[in-house]
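Presented below is the structure to which this report refers.
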């Protein structure tokens, strides 16, 4: 995909339609068990994202209120996702260095 990001509405529509078609083909080829597992993984990813976003919002509120946290939030050096407090990125599994 072009990283230029200067797409016309028609081009964006074509990209969306192609992605929807590919997704539907993938879903059609899955067994009911595979679909259920995929749905569970997607739901967990959504919940993890929501929790990470809430944590960032809470930290931003502390900064805005003048209560700057003593430790900056960590981000994964591999994928850039909020890394949380663990030793490994919860999204891609990359080992995180203690800062």
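Would you mind finding the one in 11, 36, 17 that is outside any loop (DSSP other than H, G, I, E, B), over 25 Å from residue 79 (Cα atoms) and at pLDDT 95 or above? Answer to the selection: 17. Do the conditions hold for residue 42, that is, is it under 23 Å from the mean Cα position of the chain (by Cα), closer than 25 Å to residue 81 by Cβ and modelled with pLDDT of 95 or more? Considered against the rule, which asks whether it is under 23 Å from the mean Cα position of the chain (by Cα), closer than 25 Å to residue 81 by Cβ and modelled with pLDDT of 95 or more, residue 42 comes out as no. Sub-7 Å Cβ pairs linking a first residue in the stretch 75-97 that is surrounded by fewer than 12 Cβ atoms within 10 Å (Cβ to Cβ) to a second residue that is outside any loop (DSSP other than H, G, I, E, B) and at pLDDT 80 or above, at least 6 apart or interchain, are 87/95; 95/88, ordered by first then second residue.
The values are calculated or read from the model by the stated rules, or taken from the named source; none is laboratory data. In this text the structure is predicted, and so the values were computed from the model without any measurement. In this analysis, Cβ positions are derived from the backbone assuming ideal geometry, glycine residues included, and neighbour counts consider all displayed protein chains.
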